[in-house]
Amino acid sequence: MQEFKARISKLTALWGGVLPVMNSPMAGITTPEMVAAVSNAGGLGVLAGDFLEPDALKTAVEQTRELTDKPFAVNLRVRDKEGKSQFFDNDQERAKAQAVRHALGDLAVDLGLPEDYAPAELPDFEAQLESVLDLNVGHVCVGFGGLREIYAEKLEKAGVVMIGAATTLREVKVMRSAGVNAVVVQGMEAGGPRLNFEAPDDRSLVGLMNLIGPATRASGLPVVASGGIMTGRQLAASLVAGASGAMIGTALLKTPESAAHPAHKEALSFTGDNATVLTRLYDGRLARIVDNAFVGAIEDAGLELAAYPNQWKVMQPLANAARACDRDDLMPMYAGQGADLAQSAATEVVIARLMRETEQALETQLF
């Protein structure tokens, strides 16, 4: 048990906390209230900066600081090596996205959008990074790849703690080379978009229990387990496998601090072990959601989907409109496996229960 405590302490020392838990940066769902609750509990709250323009990011950071004086992180989606907005952003993919938008024009009208609605746009990454530095945010989480040297050097110079995300052992090694202080390993059980960046989707679906041990041994860094962790027994198993802590997302979806649509929260109670599916429909990259009729209809229609970010750009307005119209048959309900175990309780209560169950499973006091 001393080894467990040593690993946990190595992780929590990165933010001066006492609990080895982080919340998943669920864009559109994670709120300043949730982030502050996690940090106030002794973990590291993570603000989803993914799609926020610098002004909106500043507002979110300031709102979080009004709720906690503890450290918290901002999550960003990094650029690819060529410095483009992200991955497959080319004429061919833009043409595919245009075809998708045209095919769904009638649906857009039904949801109150113009038939030829404007696609969403991603914020400028460099502007986001400069905003984070200007705001003196002490912790940054990055997904979709490792930071290029020019960006990593800026954060390191500013004394920012960097936490990377990986889905395979190779990606763990990339993150280690990028100079991160800890790495989140995302198992295939996780809800939301897959974060793989080194291998194609079908070669990146590694189960969490098969990823933790090799990641810990190869990196020498604190490893944070992510994917389907809903109970203390599951966190305990992750610690036994070599993890130093956990990142939880689906477990917090039904909390009052979650901005998930009410239908999204309600649907979790009716999911089973095979109720979530991996689809490229909403993001252009694999994402785990609660299955719905829309996914099946698109598959049956044989509509060719674009890759990220262009598929996301044309689907984001439709997803937002579906939420506004309470169309639970159309909105993406991101969720990991075990979603039916999500509790309708405050974030701090969910975390306290998770920690208590972990200690009970391991029959020792850790926190």
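Here, each number is a calculation from the coordinates, and none is a lab measurement. Because the structure is predicted, anything quoted here is derived from the model rather than measured. As a convention, Cβ positions derive from the backbone with ideal geometry for all residues, glycine included, and neighbour counts pool all protein chains shown.
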- With Cα coordinates, the longest principal axis of the chain makes an angle with the long axis of helix 2-12, in degrees rounded to 10, of 50
- Message: To check my understanding: the extent here is largest minus smallest coordinate of the Cα atoms along each principal axis. What are those three numbers for the chain, in Å, largest first?
- Response: 60, 46, 41
- Query: Can you list, largest first and rounded to whole Å, the semi-axes you get for the stretch 1-86 by taking the square root of 5 times each eigenvalue of its Cα gyration tensor?
  - Reply: 26, 18, 9
- Query: Which angle from 0 to 90°, rounded to the nearest 10, does the C-alpha axis of helix 125-134 make with the longest principal axis of the chain?
  - Reply: 40
- Query: How large is the dipole of the stretch 219-367 about the Cα centre if only Lys and Arg carry +1 and Asp and Glu carry -1, each at its Cβ, rounded to the nearest 20 debye?
  - Reply: 340
- Task: List the equivalent ellipsoid semi-axes of the stretch 189-300 in whole Å, largest first, each obtained as the square root of 5λ for an eigenvalue λ of the Cα gyration tensor.
- Result: 26, 19, 11
- Query: Is the shape of the stretch 26-153 rounded, prolate or oblate, going by the alpha carbon gyration tensor and its root eigenvalues a ≥ b ≥ c, with a/c under 1.5 for rounded and a/b larger than b/c for prolate?
  - Reply: oblate
- Item | Inter-part distance where the stretch 197-249 and the stretch 253-318 are each reduced to a Cα centre, Å | 23
- Query: Using the eigenvalues of the Cα gyration tensor, what equivalent ellipsoid semi-axes result for the stretch 79-190 when each is taken as the square root of five times the eigenvalue, whole Å, largest first?
  - Reply: 34, 18, 14
- What do you get for Rg/Rh of the stretch 319-367 when both radii come from the Cα atoms and Rh is the Kirkwood radius? 1.22
- Item | Listed residue pairs exceeding 23 Å between alpha carbons, taken from 10/254; 10/173; 58/157 | 10/254
